[in-house]
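Working notes, structure below.
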Ligand code: SF4
């Protein structure tokens with residue numbers, strides 16, 4: 001059982017260009033989440049659905065890289081409001097699966113997604129590629145988080161295992177040393 005810290009550390013989390021799998025892995029710490037909420041308070045996060053920062057945060061966990069200008073804006077806001085920023089999972093660290101499009105010109109991706117792909121050709125008769133000004137602007141490629149803001153720590157995995165997330169959070173909250181064994185992020 002962890003000893004309580006006073007005051008509680010404040011955590012914010014976000015999913016940018018990710019699949020929410022890293023957040024699912026965070027929830028996979030199972031009953032330890034009861035220990036966690038004794039030690040921390042969640043602020044802006046999909047976990048509590050708080051949409052805007054209401055406090056300055058000790059720890060920010062970022063899932064996903066940046067695929068559009070809204071992701072970039074959110075990431076910069078996290079950097080401003082979080083003392084420590086953690087890139088959680090391969091999408092945040094390297095771009096992950098979404099970055100498979102990085103070798104293909106953006107126009108070609110959009111044409112395939114909205115005009116030429118076998119599942120869309122028949123249902124987009126007007127040949128429209130969405131361009132409403134309220135939609136986030138898609139970037140020319142996926143940018144991993146460290147290419148946009150300074151990242152303090154990287155937690156590898158797709159997603160990082162729940163035990164790794166737990167160990168990292170305990171280390172960040174208590175100041176204990178975190179040892180990353182090779183087996184922690186060797187997947188085969
Ligand atoms: Fe999903 Fe894996 Fe990316 Fe996490 S690292 S957001 S689990 S694809």
## Note on the structure
Per-residue Cβ contact counts at 10 Å, fewest first, order 143, 182 as 182, 143
### Query
Counting other C-beta atoms within 10 Å, which of 15, 183 has the fewest, and how do the rest follow?
183, 15
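With r defined as the distance between the Cβ atoms of residue 108 and residue 184 and R0 fixed at 30 Å, what FRET efficiency is calculated, to the nearest 0.05? Each step should come with its number before you reach the end.
Values: r = 38 Å, r/R0 = 1.25.
Computed FRET efficiency for residue 108 and residue 184 comes out at 0.20.
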#### Entry: Length-normalised contact order for region 1-153 - Cα pairs under 8 Å, 6+ apart - percent
26 percent
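So if the hydrodynamic radius of region 95-145 is defined as the Kirkwood radius over C-alpha pairs, what does Stokes-Einstein give as its diffusion coefficient at 20 °C and 1.002 mPa s, in µm² per second?
Numbers: Rh = 12.2 Å.
D, rounded to a whole number, is 175 µm²/s.
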### Task
Please arrange 31, 56 by counting, for each residue, the other beta carbons lying within 10 Å of its beta carbon, fewest first.
31, 56
### Query
Using the C-alpha gyration tensor of region 91-188, what are the square roots of 5 times its eigenvalues, in whole angstrom, with the largest one first?
39, 16, 12
### Query
Highest GNM mean-square fluctuation, the chain, Cα pairs closer than 10 Å: which of 162, 121, 14?
121
#### Entry: Cα-based Rg / Dmax (Å) for region 29-132
18.6, 55
### Query
Thinking of the chain as a set of Cα atoms, what percent of all their pairs are more than 30 Å apart?
26 percent
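Quick note: the coordinates plus some simple rules give every number you see, no bench work behind them. Since this is a predicted model, take the numbers as computed values, not measurements. Glycine also receives a Cβ, built like all others from the backbone with ideal geometry; neighbour counts cover every protein chain displayed.
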